[in-house]
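The block underneath contains the structure these notes are about, expressed in structure tokens.
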Amino acid sequence: MLRISLISLVLAALAAPLAAQVALPSVQAPRVGDVLGQVGEFADETLDRTSRTARELARDRLRNIDRLVRRHRDSIALDARGEPARRGELLLLDAEAGQLAQAGAAGFAVLETVSVPELGMSVTRLRVPSGLNLGEAERALSLALPSATIAPDNLHFQSGDTGSVPLAFAAAGSGTRGAAVGMIDGAPGRAVPVAATRGFAQGAPYPSNHGSAVASLLASQHSGPIRVADVYGTDKAGGNALAIARGLGWLVGEGSRVVTISLVGPKNPVLERAIAGARKRGVVVVAAVGNDGPAAPPAYPASYNGVVAVTAVDGKRRALLEAGRALHLDYAAPGADIRGLNAKGKRIKLRGTSFATPLVAARLARAIGAGRNWRTALDGEAEDLGKKGADPVYGRGLVCGFCKGR
């Protein structure tokens with residue numbers, strides 16, 4: 001009985017989306033008496049392969065971070081947790097005059113104070129004292145200012161790949177005008193018209209393939225105004241927490257009701273406060289869970305409280321094996337076997353949770369524009385996949401299931 005129970009569990013696991021996306025070996029029809037033994041071996045092999053892939057993705061993430069820091073030692077360093085951040089700087093949230101004086105006495109020089117009134121916050125950039133690396137400086141400032149909110153300016157990475165193979169045009173626009181949507185990413189190219197683009201990094205706005213692809217998908221499903229905050233530009237340390245917070249403040253001030261963020265990074269107090277400030281203004285933030293696999297740390301901003309976390313499926317509605325995880329999961333949407341535009345306006349294939357996120361944001365904005373409760377609207381559309389009801393692989397279900405991009 002124990003053996004049969006274990007086989008039942010394995011069969012259930014094979015039906016789950018995480019295992020379904022693994023390329024299964026060809027198996028000839030066995031004799032009835034051999035079924036249980038072969039299924040057990042087959043299941044063990046498949047689950048082991050899935051686990052191995054997850055571990056490889058997690059290792060790839062660490063290797064990529066190491067290469068990034070080595071390549072850009074002049075602008076990027078590791079913080080006390082081993083996460084990449086802007087080199088030689090720390091952020092102090094809503095600093096008081098006394099705290100700034102104490103920081104100065106400890107050798108930290110004020111670079112500037114950035115006010116983000118739309119989100120009810122201010123951030124002071126401090127230069128790290130000479131002779132201290134970023135992690136050491138973080139610990140030193142925490143000792144000097146035990147009651148202050150201190151953060152490194154952590155970097156966030158785009159969570160999708162833009163292929164180079166041109167595909168056929170397949171627009172799927174909506175006739176319903178939705179609420180204004182903001183997008184935080186790289187800037188789109190000229191082929192993707194948007195209402196406004198503003199830069200929050202050195203060299204921004206600067207067209208990027210990732211930003212263009214995300215914007216083209218958003219435009220394919222959303223007929224309302226789209227504004228883009230470019231937090232990358234040509235900055236080697238682009239995508240940092242402060243840039244995202246400033247971009248979010250601008251989008252909120254411009255009237256965006258929904259903001260889509262296809263970026264992934266570590267938990268950061270500055271960005272967490274910015275997200276909370278946007279939510280207080282009634283703005284819904286939608287974010288990707290990333291592509292570092294299920295063994296990676298939880299993705300942020302997707303894991304912040306109240307953010308709509310989005311994962312991705314392929315054309316056969318299988319969850320992407322590389323999809324990351326968040327502390328909660330709301331919806332899935334197509335993130336592979338879809339097409340969008342690159343910075344030069346060419347139609348390209350796309351893969352990643354980055355590209356599922358704008359599809360969910362567009363649906364959400366459409367509901368808000370129609371005066372509907374967006375949660376009720378999306379839950380009504382969502383197709384339940386995997387286990388019945390909400391689950392950690394598909395969330396509350398698949399949204400925009402037949403969307404193919406542009």
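The values are calculated or read from the model by the stated rules, or taken from the named source; none is laboratory data. Every value quoted in this text rests on a predicted model; they were computed, and no experiment measured them. A quick note on method: Cβ atoms are made from the backbone with ideal geometry, for glycine too, and the neighbour counts reach across all protein chains shown. To get the accessible areas, we keep the full protein, side chains included, count just its heavy atoms, and leave off ligands, DNA and RNA. Shrake-Rupley method; radii C 1.70, N 1.55, O 1.52, S 1.80 Å.
Table for the structure above
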read-out	value
Spans of strands (runs of 3 or more DSSP E) in segment 312-382 with at least 1 residues of a type in the set (D, E, K, R) and over 11 Å from A288 (Cβ atoms)	336-341, 347-351
Selection within segment 100-137 - assigned to a helix (DSSP H, G or I), surrounded by 15 or more Cβ atoms within 10 Å (Cβ to Cβ) and small (G, A, S)	A103, G135, A137
Selected residue (criterion: modelled with the highest pLDDT) from residues of segment 149-199 that are open to solvent by 30 Å² or more (accessible area, probe 1.4 Å), β-branched (V, I, T) and not in a strand (DSSP E or B)	V194
Tally of residues being closer than 28 Å to V116 by Cβ, part of a helix (DSSP H, G or I) and open to solvent by 50 Å² or more (accessible area, probe 1.4 Å) across segment 49-98	1
Boolean, L143 is part of a helix (DSSP H, G or I), at pLDDT 95 or above, open to solvent by 20 Å² or more (accessible area, probe 1.4 Å) and farther than 30 Å from A213 by Cα	yes
Any pair with Cβ under 7 angstrom, 6 or more apart, that starts in segment 365-392 at a residue that is touching a residue at least 40 places away in the same chain (Cβ under 8 Å) and ends at one that is of a type in the set (S, T, N, Q) and part of a loop (DSSP other than H, G, I, E, B)	R366/S174; R366/T176; G369/T176; A370/T176
Every pair of residues 6+ apart whose Cβ atoms lie under 8 Å, when the first sits in segment 248-273 and is closer than 10 Å to R227 by Cβ while the second is open to solvent by 10 Å² or more (accessible area, probe 1.4 Å) and of a type in the set (S, T, Y)	none
Sole exception among (1) at pLDDT 95 or above; (2) touching a helix residue (DSSP H, G or I) at 6+ places or on another chain (Cβ under 9 Å); (3) not in a helix (DSSP H, G or I) for A295, by number	(1)
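Each row is one residue, and each column tells you yes or no for (1) open to solvent by 30 Å² or more (accessible area, probe 1.4 Å); (2) more than 28 Å from L62 (Cβ to Cβ).
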position: G224; (1), (2): no, yes
position: G233; (1), (2): no, no
position: K236; (1), (2): yes, no
position: G239; (1), (2): no, no
position: G249; (1), (2): no, yes
position: V252; (1), (2): no, yes
position: G255; (1), (2): yes, yes
position: K267; (1), (2): yes, no
position: E272; (1), (2): yes, no
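Rundown of residues vs (1) over 16 Å from the mean Cα position of the chain (by Cα); (2) over 18 Å from P301 (Cα atoms); (3) buried (at least 24 other Cβ atoms within 10 Å of the Cβ); (4) not hydrophobic (A, V, I, L, M, F, W, C), yes/no style:
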{"residue": "R325", "(1), (2), (3), (4)": "no, no, no, yes"}
{"residue": "K349", "(1), (2), (3), (4)": "yes, yes, no, yes"}
{"residue": "A365", "(1), (2), (3), (4)": "yes, yes, yes, no"}
{"residue": "G371", "(1), (2), (3), (4)": "yes, yes, no, yes"}
{"residue": "A377", "(1), (2), (3), (4)": "yes, yes, no, no"}
{"residue": "A390", "(1), (2), (3), (4)": "yes, yes, no, no"}
